[in-house]
Every structure is written in C-alpha cells, then in structure tokens.
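Heads up, the thing below is written out as structure tokens.
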Amino acid sequence: MDFVETYRNIIIQIATPYSTGTGFYLRDMGLIVTNYHVIEGNRSVVIEGAKFRKQLSSVRYIDQKYDLAFLEGPKDAEEMPVIVLGHEKVLRERDVVTAIGHPFGLKFSLKSGIISNTGEVMNGIPYLHIDAALNPGNSGGPLVDNDGEVVGVNTFVMRNGDNTGFSLPVKFLKDTLDGFGLFNNEQAARCIGCLNIVIEAQVENKLCTHCGHRIELPSSAEAYQASGVAKSVENLIESIGHDVSLSRSGHNAWEVKQGSATILVSYHEKSGIISADTVLCELPKENIKPLYEFLLRENFSNEALTLSLNDQDIVLSLLIFDRYLNEDTGKNMLQQLFEKADYYDNLLVEEYGATWKVA
C-alpha cells in the first residue's frame, strides 16, 4: 500500500456541533469532499489535517441526492499531494479496496476488504457494496483501490449489518465536480426536483427557477447557537480564552488545546454530568513508585481534579453536575483543569520519566 502516506496527508477531520466525519482534499480543485449528512445544517465546519492547523471552512456545495458536499480548502496549508479519481475504471466483484477515515478523536485508519456488489441500487443509485468494516466516522472518506486511486466516497453503514458498508461510485463525484466547476466556485446546490446544480442567481424565493422545487443553498443554514447547559459550557470555554467555534467536536462535545495538552469536554444529558478529561502521558516502564506517590499527593491537594490511570495512560479529569454549575465556580474549575493539564504533562515527562502519548 504505497498510497498510505499520500492519503495520510490529504485526509481531513471534520467536526460540527452535531457530528464528526471524514473528508479528503482535491488539490487541483481546491476543495474538500465529504458527505452532505456530515455537514448538514451548517454554513461552516471545523477542519483539521496533517498539513494545516485546525480552522473553519465554509461549505461551498451541498447535494442531498448523492449525499455529497464540498468545502473550501484549507488556508496556510503545506503543499499536499495530488490524488487521482479512478472514474474511468471498471470495477468488479471481489476487487480489493481500502476505506480510509480519520474522524475526530480517532487516529488515521485503514479498513481493507473487497467489493461484494458493484451495483447495490438504493434510492435509484447503484452503490458499491463493500465488506470493509466501516464505522460512522468513516462517512465522507475515500474508497481506494490497489492503484491508490479513489473509486468511491464512503457514505453509510447498514445498521446491525456486520461488515456492511456502501460507497458512492466515484463517477458520480466526478460528474458533480465537473458541474460545480462551471460556476467558478460560487455557492451551489443540487436541486432534488430536477437534479440541476444551481447557484444563487438561479434561486428565487428559495425556489429553483428550473422546476420550482424548494431549494436550500449552503448560506441558507442558520448560524449555530447552543442552548441550555451546552450554552453554559461554551460560555465557560470562551471566558477562559478559547475559540468556541473551533472547539466544537460533535453533539455536546468540545476539544480544547492548551499548550501541549488536549482536553475533551462533554455534556452527558441523561446523567447531567459535564466531564472534562485529558490523557497527559504514559507510565514509564521503570521507577514507577515515585510517580505513583506524586499522583496520590496531588489528588489529596486538588479539590476538584482527579489524576488516574487507564492502562498505561495518565489521565486528568473533572466532573461537574449540571445542577451545581454556575459561572464563577465552573470557570475556576475548568480553567484549573486547562492550566494543570499543560503543567502536569510536562512535569511528569521531565521529572518522573513518563513518556509522551503518541498522537
């Protein structure tokens, strides 16, 4: 698989206030390809990749028919490799393929398998039925053949179906890219009534001028506004000095980076608990006792924070019950966690021989 390193550099993590997913960058178009259902209801989304910092990207094209979306390419990115769309290839059952994904919170992953059916028709579309074990985070990622060419866009997994995934054949992506390219990168959408790709000039009173069907352009999505406890959590994150829009990482989930530490904040509605956790580093293989003693002493002196072990991982955690949440105490506890996370990981590595967690 000589193509692995190439794809490692063009696979994109995508996060919205509602979900997370995968995309892949087409350098010749300056666009990120993903699924419509990954970015649905958003004007812009958070993107992150191996060659650029986390940033916001605007949605340029949406397509409910083929479950496709195009995003603006990253700014200030290092030069990324070009990948090839294998739209002229003839695929057959038992061809070996690899599904590539990189959802937020998980590492770059490869899932290999074979094509079980080249034309599993659903909603009038002949999908590639593959036995590569997909998960929801693979949505929007590329399906790649042994030549390293994209032959599909991984779209959905059959619920309760063991190793059953479906990928949109790349010819539909190629045709859509060609149609979108005619409009000089203007915001566009495919009308589900007549299937034409239309831009703002072809929409009147939110109706397609070709067929009169109601149509929504990417700019029609309402700006996201958190509510309830989620809004309180976002206010706390913002008051500490972090960009909330860049922190959102799925439903009631946020990812905050402070120095060398990454903190995952979640609100669990059923239990009413707000949790914040960060994996600091890993236990050393030798001379562990002094480190254990340090962790115990710190737990005794810390009022709200807890240092614990998860296998070899050293974890710093904070739990807050939503009914006890208020602005002052919440800010103090969360700020203490952020600051201690950046402090502890360096201290444990430099003074107690712990090792950095491999990203």
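Among 16, 164, 329, sorting on how many other beta-carbon atoms sit within 10 Å of each Cβ, with the fewest leading, yields 329, 164, 16. Among the listed pairs 107/171; 89/357; 107/174; 111/206; 285/340; 107/331, a Cα-Cα separation exceeding 32 Å is found for 89/357; 111/206. Compared with the direct C-alpha span, the chain from residue 264 to residue 346 gains 27.7 nm at full extension, assuming 0.36 nm per residue.
Highest mobility in the GNM of the chain, judged by mean-square fluctuation with C-alpha springs under 10 Å and restricted to 326, 117, 135, is found for 326. Gain on full extension, evaluated as 0.36 nm per residue between residue 335 and residue 301 minus their Cα-Cα distance, stands at 10.6 nm.
Within the chain, the whole DSSP H helices whose Cα atoms reach 20 Å or more along their own axis and whose mean Kyte-Doolittle score is at least -1.0 are 327-352. With R₀ fixed at 35 Å, the C-beta to C-beta distance from residue 205 to residue 251 puts the FRET efficiency at about 0.60. The trypsin sites (Lys or Arg not before Pro) of the stretch 254-290 that DSSP puts in a loop, and whose beta carbon has at most 13 other beta carbons within 10 Å, are 270, 285.
Counting only Cβ charges, +1 for Lys and Arg and -1 for Asp and Glu, the dipole size of the stretch 228-352 around its Cα centre is about 300 debye.
Charged neighbours of residue 354, selected by a Cβ distance under 11 Å, balance to -3 (K, R count +1; D, E count -1). Phi angles across the stretch 136-142 convert, under the Karplus curve 6.51 cos²θ - 1.76 cosθ + 1.60 with θ = phi - 60°, into 3J(HN,Hα) values of x, x, 6, 4, x, x, x Hz, Gly and Pro given as x.
Exposure here means at most 10 other Cβ atoms within 10 Å; with GluC sites (Glu not before Pro) in a DSSP loop as sites, the longest stretch of the chain lacking them is 89-221. Between residue 95 and residue 178, the FRET efficiency estimated from the beta carbon spacing at R0 = 22 angstrom works out to 0.35. In a DSSP loop and with at most 11 other Cβ atoms within 10 Å, the trypsin sites (Lys or Arg not before Pro) in the stretch 22-115 are 75, 92, 94, 107. Modelled spin-label separation between residue 82 and residue 29, with each label point placed 7 Å from Cα along the Cα-to-Cβ direction: 1.5 nm.
Read the figures in this text as sums done on the coordinates, not as results from a lab. Only a predicted model underlies this, so the values are computations on that prediction, with no experimental measurement involved. Cβ: placed from backbone, ideal geometry, glycine included. Neighbour counts: every protein chain shown.
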